[in-house]
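Below: one structure, written as structure tokens.
The values are calculated or read from the model by the stated rules, or taken from the named source; none is laboratory data. All figures in this text were calculated on a predicted structure; none of them were measured in a lab. Methodologically, a virtual Cβ is constructed for each residue, glycine included, from the backbone with ideal geometry; neighbour enumeration extends over all protein chains shown. Side chains included, ligands, DNA and RNA excluded: accessible areas come from the protein's heavy atoms. Shrake-Rupley method; radii C 1.70, N 1.55, O 1.52, S 1.80 Å.
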Amino acid sequence: MKQALILIFYFILSANIVAQSVTVTGRLVSAADDAELPYATISVAREAAPAIAVKKMATEENGAFSTSLAPGEYILTFHYVGMNDLEKRVELTTSQNRYDMGVVAMTETSMLLEEVSVTAQKPLVKVEIDKLTYSAQDDPEASTSNVLDLLRKVPLVTVDGEDEIQLKGSSSFKIYLNGKPSNMISGNPSQVLKSMPASSIKDIEVITDPGARYDAEGIGGIINIITDKRADDGYSGSVGANGDTFGGYGGNAYLATKYGKFGFTGNAGYYHHASPASESSYLREETALNHQSSLIQNGSSESSGGGLFLTGAVSFEPDTVNLFNLSLSRFGGDFSSLSLQDASSTGTRAYTYNTRSNSISQYGGMNLSADYQRSFKRKGEMLTTSYRYEHDPNDSEYDSEYNDVTGMFYYPDGYQLKSLNNAGGREHTIQIDYVNPLNGKHSIETGMKYIFRDNTSRADHTFFDVEENNWKPDLSRKNDLDHSQNIASGYAGYSFKTGKMGLKVGLRGEQTSQEIHFMSNDLDTIVKTSFFDMVPSVALSYQLGMTQTLRGGYNMRISRPGIWYLNPYVNDVDPNNISYGNPRLDAEQQHNFNLNYGSFSQKLNFNATLSYSFAKNAVTSYSFIRDGVTHSTYDNIGRNQSVGTNLYVSWTPTQMIRTYLNGGVNYTDIQSTENSALRNSGFSGRAFGGLTFTFPKDFRVGANGGAFMSRVQLQTKQSPFYVYSFSMMKSFLDKKLDVSLNMQNLFSKYRKTSSTTTGDGFWQESISNQTVRNLRLSVTYRFGDLKTSMKRVQRGIINDDVLEGESNTQQETTTTPTGE
């Protein structure tokens with residue numbers, strides 16, 4: 001009996017010791033910039049047997065880790081890409097229930113790239129509760145690409161053959177630079193982004209569910225471009241040049257430095273582009289009973305232009321809680337074209353003529369911003385104040401001459417026109433933001449913002465009087481505009497995260513008042529309006545696995561028309577087809593619902609999005625016939641709804657091969673609120689993909705291609721088309737020099753596209769035949785202290801073989817050594 005009691009006592013004691021465990025927690029960050037290190041591998045071993053791992057696990061997306069261990073002495077070894085392995089000793093006692101290691105900081109390795117053991121490809125995409133982030137610095141082709149080329153690979157973003165950018169199939173979105181709206185880029189996205197080297201970019205964020213802290217503007221969402229900055233002392237940079245067979249050429253330079261408390265990042269780019277002569281034809285049929293005629297136009301056009309992009313940012317960090325930033329950007333360019341055209345009209349109004357037209361468009365902008373950031377003792381608590389000034393000129397001019405005129409044309413033989421338009425806008429912004437992560441689960445944010453915008457347009461029209469043989473002003477064509485806008489806003493947001501669940505809600509209020517002064521030859525009108533918008537947003541996320549996330553969200557977005565839509569200046573370089581803006585446009589409101597699934601690992605990245613959106617007062621372009629002239633303008637007449645899917649897949653089966661596919665399909669139904677006969681519906685789609693092979697000796701070849709269906713518009717249908725390219729790149733001088741050759745549409749010299757527009761009493765079709773075969777040679781040289789801290793030099797390659805096959809699961813694996 002006594003022996004039985006003793007046996008039972010020892011059994012209970014042993015069970016109690018085994019059952020007792022200590023929860024070890026902490027958060028893994030980079031020592032250089034305090035950035036969270038997700039999916040790092042942690043190996044746990046007994047101090048008495050450090051070579052035998054008793055447990056392996058991975059950090060969460062925010063760098064946090066947690067595991068349960070029996071009392072004893074352990075060594076935790078941390079492994080992460082580009083970091084020195086770190087060992088931490090912990091001693092756990094029976095008196096402890098929890099052991100918090102706090103913040104564990106890892107240092108970047110200074111090992112040269114030649115010493116790295118290549119085993120896996122780092123994922124390029126990171127998913128968060130309200131956005132996707134594409135790591136530009138880990139893209140192996142970024143060293144010789146521009147930002148526009150890089151956007152073709154970003155999930156939910158597509159760039160067609162005309163360099164037009166779409167976000168989830170929509171052309172209405174906002175582009176931010178380092179978290180701030182940039183009208184300079186949004187106004188001329190393709191030209192500005194072409195001039196920016198991709199090597200100067202750290203990340204590209206696609207914010208599909210903008211929270212309350214973001215301006216409500218941008219129907220489709222926000223593309224936020226984050227430039228690269230150094231986190232450690234030293235300097236690095238690059239210089240590059242390129243040229244193509246069209247006659248275009250360019251150059252760029254990039255420099256990032258940090259010494260002590262001061263940091264500087266600068267970027268300069270120049271480009272000259274040229275487009276060979278393209279041919280076009282135009283047919284319009286007027287079917288009204290009292291005016292039936294047919295117009296045929298055949299012509300050719302060629303264009304060229306150039307631009308200069310400069311940006312510089314200075315940071316000063318006097319201590320660990322204060323940070324000052326000052327940045328200045330300047331972009332300026334021009335675009336000139338020469339058009340020749342023959343026209344013939346039959347029917348009610350019969351005439352013929354030929355014309356020669358020259359046009360010049362000047363665009364660009366200047367952006368000045370200053371920020372102050374104050375940190376507090378609590379990690380992540382921050383107060384930020386900022387001021388931004390932006391000036392965006394948008395000037396244009398043209399002259400046309402009409403010869404061999406016969407019949408009932410608008411102008412006599414030898415008639416000439418000149419038009420000069422000075423337009424643009426200025427914007428002042430003052431903002432204050434505060435964020436407070438109350439604890440590991442709850443966080444709040446709030447802020448206020450004031451924007452003042454001042455847009456103007458002045459035009460000077462003249463014509464050549466063939467009878468008096470002199471130039472005269474044409475006051476009948478006067479259409480000038482002054483437009484001022486005041487926007488005051490405030491917001492509050494709350495986020496909650498526990499375990500696998502995440503929630504982010506917010507509410508933003510925006511009060512807008514504006515004054516529009518419209519001036520014509522016989523009319524001087526001032527219109528004052530004001531309105532208030534409440535803009536809610538909500539985003540949910542659930543982590544299905546360590547690399548799998550399910551997200552959903554709702555947000556309301558606003559589109560306030562800018563000077564490009566409001567400007568009443570009449571572009572009548574072609575008197576049969578004129579276009580102008582509408583100064584009476586209202587802000588558009590759109591409601592968006594999104595459901596997103598993402599799975600991102602070292603070899604396979606997959607993201608699928610299902611979205612639904614609707615608007616009742618969409619700003620819509622429309623055309624109509626008046627007195628034999630096609631007028632094209634804008635109005636709030638669109639009632640539309642759209643259901644769409646977007647898919648992104650990136651697969652790296654081996655370190656040699658990488659392939660990706662990016663695209664989507666939308667079904668859109670749109671109708672006019674003023675004319676029930678104007679309605680259109682159907683499918684639109686876009687897809688872009690590529691395949692890259694990386695061979696020994698730093699040699700890489702690739703192929704990219706895309707197909708684009710017609711977008712559904714109120715009156716216009718476009719023909720589908722496709723694009724493709726091949727590329728080769730070789731690195732020299734210890735990977736400091738990259739030489740790349742890109743061949744676009746190698747087997748297709750021309751691309752034929754068409755568009756058809758129908759309306760009350762008319763039908764018209766435009767056909768263009770453009771030269772698309774082009775070869776581009778790019779050279780980039782990097783300099784400075786190029787260590788593996790410069791992640792783009794790594795070509796996106798990992799030197800940690802422990803990650804292969806281990807960080808793709810959220811479950812811990814435990815082994816028990818003999819004798820434990």
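Place the peptides 658-669, 214-225 in order of packing, highest mean first, counting for every residue the other Cβ atoms within 10 Å and averaging per peptide. Show your work: numbers first, answer last.
Numbers: 658-669: 19.2, 214-225: 24.0.
Final packing ranking: 214-225, 658-669.
If each residue of separation counts as 0.36 nm, what is the full-extension length gain between Arg679 and Leu544 once their alpha-carbon separation is subtracted?
44.4 nm
In percent, how large is the relative contact order of the stretch 308-404, given Cα pairs closer than 8 Å and 6 or more residues apart?
Working: 205 pairs, mean separation 27.4, N = 97.
The normalised contact order for the stretch 308-404 reaches 28 percent.
Run the dipole for the chain about the Cα centre, Lys and Arg Cβ at +1, Asp and Glu Cβ at -1, nothing else charged, and hand back the magnitude in debye, nearest 20.
In total the dipole reaches around 2400 debye.
Under 20 Å from the 7 Å Cα→Cβ point of Lys528, by amide nitrogen: which residues of the stretch 473-504?
Within reach of a label on Lys528, which here means backbone N under 20 Å from a point 7 Å along Cα→Cβ, the stretch 473-504 contributes 481-489.
What relative contact order, as a whole-number percentage, does the stretch 597-749 give when Cα pairs under 8 Å and 6 or more residues apart are counted? The partial results should precede the final answer.
On the way: 358 pairs, mean separation 23.5, N = 153.
15 percent.
Rounded to whole Å and sorted largest first, list the principal axis extents of the Cα atoms in the stretch 479-565.
So the extents along the principal axes, rounded to whole Å, are 68, 23, 12.
Could you compute the FRET efficiency for Ala288 and Ala703, with r as their C-beta to C-beta distance and R0 at 51 Å, rounded to 0.05?
With a Förster radius of 51 Å, E is 0.50.
Of the accessible area of the stretch 656-716, with the probe set at 1.4 angstrom, what percent is carbon plus sulfur?
The computed percentage sits at 61.
If you project the alpha carbons of the stretch 439-586 onto their three principal axes, what span does each projection cover, largest first, in Å?
83, 32, 18
List the pairs from Lys126/Lys603; Lys229/Lys441; Lys180/Lys202; Lys202/Lys258; Lys131/Lys377; Lys131/Lys449 whose alpha-carbon separation is above 18 Å, in the order I gave them.
Values: Lys126/Lys603 14 Å; Lys229/Lys441 30 Å; Lys180/Lys202 16 Å; Lys202/Lys258 16 Å; Lys131/Lys377 28 Å; Lys131/Lys449 23 Å.
Beyond 18 Å: Lys229/Lys441; Lys131/Lys377; Lys131/Lys449.
Once you have the Cα-Cα distance between Trp651 and Asn470, take 0.36 nm times their residue separation minus that, and quote the gain in nm to one decimal.
Gain on stretching Trp651 to Asn470: 58.4 nm.
To the nearest 10 degrees, how steeply does helix 2-19 sit against the main Cα axis of the chain, on a 0 to 90 scale?
Approximately 30 degrees, to the nearest ten.
Through the Karplus equation 6.51 cos²θ - 1.76 cosθ + 1.60, θ set to phi - 60°, convert the phi angles of the stretch 579-585 into ³J(HN,Hα) values in whole Hz; use x for Gly and Pro.
9, 6, x, 10, x, 9, 5
What shape does the stretch 684-751 have by the C-alpha gyration tensor, where a ≥ b ≥ c are the square roots of the eigenvalues, rounded means a/c under 1.5, and otherwise prolate means a/b greater than b/c and oblate the rest?
prolate
If you put +1 on each Lys and Arg Cβ and -1 on each Asp and Glu Cβ, how big is the dipole of the stretch 457-506 around its Cα centre, in Debye rounded to 20? Don't skip to the end; give the middle numbers.
Numbers: 7 positive and 7 negative charges, 206 e Å.
About 980 debye.
Under 16 Å from a point 7 Å along the Cα-to-Cβ line of Glu91: which residues of the stretch 50-80 have their amide N that close?
71-76
With θ set to phi - 60° and the Karplus curve 6.51 cos²θ - 1.76 cosθ + 1.60, what are the ³J(HN,Hα) couplings of the stretch 547-559 in order, to the nearest whole Hz, using x for Gly and Pro?
Values, residue by residue: 10, 10, 9, 10, 10, x, x, 9, 8, 10, 10, 10, 10 Hz.
Give the residue from Ile129, Ile578, Thr525 lying farthest towards the positive end of the charge dipole for the chain; charges sit on Cβ (+1 for Lys and Arg, -1 for Asp and Glu) and the dipole is referred to the Cα centre.
Working it through, the farthest residue towards the positive pole turns out to be Ile129.
For the charge dipole of the chain, defined by +1 on Lys and Arg C-beta atoms and -1 on Asp and Glu C-beta atoms about the Cα centroid, which residue among Leu338, Asn596, Phe732 has the Cα displaced farthest towards the positive pole?
Asn596
Place +1 on the Cβ of every Lys and Arg and -1 on the Cβ of every Asp and Glu in the chain, take the dipole about the Cα centre, and give the residue among Val104, Ser632, Ala492 whose Cα lies farthest towards its positive end.
Val104
Less than 12 Å apart at the alpha-carbon level, and either on another chain or at least 8 residues along: which aspartates and glutamates does that give for Lys504?
Once the sequence-local aspartates and glutamates are set aside, what remains near Lys504 is Glu128, Asp130, Asp209, Glu445.
By the gyration tensor of its Cα atoms, with a ≥ b ≥ c the square roots of the eigenvalues, what is the shape of the chain: rounded for a/c under 1.5, prolate for a/b over b/c, or oblate?
Because a/c hits 1.5 or more and a/b exceeds b/c, the chain counts as prolate.
Just the C-alpha atoms of the stretch 273-409: what Rg/Rh do they give, with Rh taken as the Kirkwood radius?
1.34
Take every Cα pair under 8 Å in the chain that's 6+ residues apart, average their separations, divide by the length, and report that relative contact order as a whole percent.
Once divided by the residue count of the chain, the mean separation gives 12 percent.
Using only the Cα atoms of the stretch 198-247, build the gyration tensor, take square roots of its eigenvalues as a ≥ b ≥ c, and label the shape rounded, prolate or oblate: rounded if a/c is under 1.5, else prolate if a/b is larger than b/c, else oblate. Could the numbers behind the result be given before it?
Values: a/c = 4.60, a/b = 1.43, b/c = 3.21.
Taking the square roots of the gyration eigenvalues as a ≥ b ≥ c, the stretch 198-247 is oblate.
Between Ser755 and Trp564, what FRET efficiency follows from the Cβ-Cβ distance if R0 is 25 Å, with the result rounded to 0.05?
0.80
Report for the chain the percent antiparallel among DSSP-assigned beta bridges with both residues inside it, nearest 5.
Taking every DSSP beta bridge within the chain, about 95 percent pair in antiparallel fashion.
Before rounding to the nearest 500, sum -39500 (n - 2.57) across all DSSP H runs of length at least 4 in the chain and divide by the residue total; then give [θ] at 222 nm in deg cm²/dmol.
That comes out to -1000 deg cm²/dmol.
Report, in cubic angstrom per residue, the convex hull volume of the C-alpha atoms of the stretch 182-295.
Residue-normalised Cα hull volume stands at 187 Å³.
Please find the FRET efficiency linking Ser748 to Tyr667, where r is the Cβ-Cβ separation and R0 is fixed at 35 Å, and quote it to the nearest 0.05.
E(calc), rounded to 0.05, equals 0.70.
Using packing as a proxy for protection, rank 34-46, 459-471 so that the peptide with the highest average count of other Cβ atoms within 10 Å comes first.
Packing order, densest peptide first, comes out as 34-46, 459-471.
Quick check for you: with a 1.4 Å probe and neighbouring chains kept, what is the accessible area per residue of the chain, in Å²?
On a per-residue basis, the chain sits at 44 Å².
Can you tell me how much longer the chain between Leu310 and Val629 gets when fully stretched, taken as 0.36 nm per residue apart minus their C-alpha distance, in nm with one decimal?
Numbers: separation 319, 0.36 × 319 = 114.84 nm, distance 4.22 nm.
110.6 nm is the gain from fully extending Leu310 to Val629.
Are there chymotrypsin sites (Phe, Trp or Tyr not before Pro) in the stretch 722-752 that DSSP marks as loop and that have at most 16 other Cβ atoms within 10 Å, and which are they?
Phe747
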